[in-house]
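Novice: Below: one structure in structure tokens.
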Amino acid sequence: MTIGLSKKKSIVGRSPKDIEKYGFDGSGYIGKVLMSKGEKPVLGRKIFMDMTRPHLVLVCGKRGGGKSYTMAVMLEEFARLPFTVKNRISVITIDTVGIFWSLKFPDKKNNDTLADWDLKPSESDVRVLVPKGKLDFYTKKGLPVDGALTLKASELDAVEWMALFKLTWKDPEGVLITTVVEQVKEKLGSYYGIDELISAVKSNTESTKLTRQALTNRLKVAKTWGLIEKQGTRIRDIAKPGAITIIDVSAYRQAIGMEGTRDIIVALIGKKLFEERMLFRKEEEINLLKGKKRESAMPIVWMMIDEAHMFMPNDEQNLALQVLLEWVRVGRQPGLSLLLATQRPNKLHPDAISQCDLFISHRMTSKPDIEAVAAIRPSYLHQDFDHMYSQMPKSKGYALIVDDNSEKIWMVKIRPRFSWDAGVTANAFTD
Ligand SMILES: Nc1ncnc2c1ncn2[C@@H]1O[C@H](COP(=O)(O)OP(=O)(O)OP(=O)(O)O)[C@@H](O)[C@H]1O
Ligand SMILES: [Mg+2]
């Protein structure tokens, strides 16, 4: 690979009007354009990505293609935005694999590659939150964790409890949890935890003993997750201005029967952020009307979700799906950006594909997945995706970027990370 010395640069995700007004302010350096393919690819101008406007970004590519790596590069760039811009933004990353904590450490192994790009190893200021019940697990492993995350019990409605326990209206436990949630809410308002729900279940007289026992057991199991409590983490602590927060949900990955916990985290955080941003958006408009700056206590939010097909599947229900579809459909107005990464676009809800304004795709070979993204194909894309992928160099980190904002298409190589890559493909050697 030859890295050109081109001084030219371009930006994706920004309209020509915004480029005229803001230039490259509030953007991040993500890679370089591929000038010539073949045996020795030649790279040219730098490519930047807009981080200030609401976007729906879709990052695709087959397994090991570089999606998580590309997300890490973006996180590094968010961390390096100048204070005035950064403080208006909050980034929340849902880490399903447990790899983004390593952004905290510089990549000392890749000095040479970074030097080729005129870059240096460096750490990024990110904050890692893990579900409270898993805090011990992480600290014992020596992983750098900055805090615990809990969800507020009263924010879960009966339908959410049912989904967590995989119950339906037909199940006697489904009926009982609905009754109990209503009763407890009425009696205690918004300050109750799982213990209060268990007491209410036990004193219910309209259900059978077996139903009460079954539901009590489920609630006791939910207590062991250490996630749902009387007092949940405040959304304003999650979406802090200028903070880049990684919510590591990977501990729930292998745990059978606990998949729902991951979904409820995304669903509740997504729902709360949406509500809060809608409110603050009004405050910002009023400030503008009064001749003040467009400012409020709540920053605009980027939520970045790795393995997004898990939360927005196209063929099954998921607690997070409806919430994320709201982000996709109307997130622009309240200033909510979503970045979805997936190796299976074919499994992703079609709205997440058709609505994206920035499509970043690493190599894809599976026909159904390529067909799924064909919905994006805009009129300014003159070749089909099959052809584009066949033109892409086979080594890692190359990506096709289709940008609706500038109506341009680029073939780029994503820049190397400054930080340690904890997602390196496993092999049988130990070095
Ligand atoms: N831009 C890049 N520059 C250099 N190496 C890269 C780049 N992108 C990816 N790689 C290498 O490829 C490996 C796999 O990338 P990554 O983990 O991002 O794949 P992925 O698409 O997220 O895969 P999966 O679908 O399995 O999650 C990385 O650990 C890294 O070694
Ligand atoms: Mg990945």
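The values are calculated or read from the model by the stated rules, or taken from the named source; none is laboratory data. The shown structure was predicted, so the numbers you read here are calculated from the model rather than taken from an experiment. FYI the Cβ positions are ideal-geometry reconstructions off the backbone, even for glycines, and counts take in every protein chain you see.
Novice: Restricting attention to region 373-386, which residues are touching a helix residue (DSSP H, G or I) at 6+ places or on another chain (Cβ under 9 Å) and either more than 16 Å from ligand 1 (Cβ to nearest atom) or closer than 11 Å to Leu34 by Cα (or both)?
Specialist: Ala374, Ala375, Ile376, Arg377, Leu381, Gln383, Asp384, Phe385, Asp386
Novice: Which of the residues belonging to region 3-13 are surrounded by 12 or more Cβ atoms within 10 Å (Cβ to Cβ) and over 21 Å from the mean Cα position of the chain (by Cα)?
Specialist: Ile3, Gly4, Ser6, Lys9, Ser10, Ile11
Novice: Between residues in region 167-180 that are within 19 Å of Asn318 (Cβ to Cβ) and in contact (Cβ under 8 Å) with a residue 40 or more places away in the chain and residues that are crowded, with 17+ Cβ neighbours inside 10 Å and polar (S, T, N, Q), which pairs lie under 6 Å by C-beta distance while being six or more apart or on different chains?
Specialist: Listed by first residue and then by second, the contacts come to nothing, as the list is empty.
Novice: Please identify the pairs in which a residue from region 385-412 that is under 13 Å from Gly13 (Cβ atoms) has its Cβ atom under 7 Å from the Cβ atom of a residue that is aromatic (Phe, Trp, Tyr) and modelled with pLDDT under 90, counting only partners at least 6 apart or on another chain.
Specialist: Within 7 Å, the pairs are Glu407/Tyr380.
Novice: State whether one or more residues within region 387-396 are touching a helix residue (DSSP H, G or I) at 6+ places or on another chain (Cβ under 6 Å) and within 12 Å of ligand 1 (Cβ to nearest atom).
Specialist: No, the conditions are met nowhere in region 387-396.
Novice: Continuing with this model, one more query. Among the residues of region 71-105, which ones are within 12 Å of ligand 1 (Cβ to nearest atom) and within 22 Å of Arg234 (Cα to Cα)?
Specialist: Residues satisfying the conditions are Asp95, Thr96.
Novice: Have a look at Leu340, Leu321 and point out the one that is closer than 30 Å to Ala158 by Cα, in contact with a helix residue (DSSP H, G or I) (Cβ under 7 Å, 6 or more places away or on another chain) and not aromatic (Phe, Trp, Tyr).
Specialist: From the options Leu340, Leu321, the qualifying one is Leu340.
Novice: Taking only pairs six or more apart or across chains, which ones have beta-carbon atoms under 6 Å, a first residue in region 207-225 that is farther than 13 Å from Asp195 by Cβ and at pLDDT below 95, and a second residue that is of a type in the set (S, T, N, Q) and crowded, with 20+ Cβ neighbours inside 10 Å?
Specialist: If the second residue must be of a type in the set (S, T, N, Q) and crowded, with 20+ Cβ neighbours inside 10 Å, the pairs left are Trp225/Thr261.
Novice: Tell me yes or no: at least one residue of region 97-110 is more than 16 Å from ligand 2 (Cβ to nearest atom) and aliphatic (A, V, I, L, M).
Specialist: no
Novice: On to the next question. Among the listed residues Phe385, Phe359, which satisfies the condition of being at pLDDT below 90 and hydrophobic (A, V, I, L, M, F, W, C)?
Specialist: Phe385
Novice: Oh, and also: Could you tell me which numbered condition Val59 fails, if it satisfies all but one of (1) out of contact with any helix residue (DSSP H, G or I) (no Cβ under 7 Å at 6 or more places or on another chain); (2) closer than 26 Å to Pro345 by Cα; (3) β-branched (Val, Ile, Thr)?
Specialist: Against the list (1) out of contact with any helix residue (DSSP H, G or I) (no Cβ under 7 Å at 6 or more places or on another chain); (2) closer than 26 Å to Pro345 by Cα; (3) β-branched (Val, Ile, Thr), Val59 comes up short only on (1).
Novice: Do we have Arg332 as in contact (Cβ under 8 Å) with a residue 24 or more places away in the chain and either part of a strand (DSSP E or B) or surrounded by 21 or more Cβ atoms within 10 Å (Cβ to Cβ) (or both) here?
Specialist: In short, no.
Novice: Also, I was wondering about something else. Being surrounded by fewer than 21 Cβ atoms within 10 Å (Cβ to Cβ), in contact (Cβ under 8 Å) with a residue 24 or more places away in the chain, of a type outside the set (S, T, N, Q) and part of a loop (DSSP other than H, G, I, E, B) is the filter here, so list the residues in region 110-142 that pass it.
Specialist: Within region 110-142, Trp117, Leu119, Lys120, Pro121, Glu123, Asp125 qualify.
Novice: Another question, if that's okay. Would you pick out the residues in region 184-203 that are among the polar types (S, T, N, Q) and either assigned to a helix (DSSP H, G or I) or surrounded by 16 or more Cβ atoms within 10 Å (Cβ to Cβ) (or both)?
Specialist: Ser199
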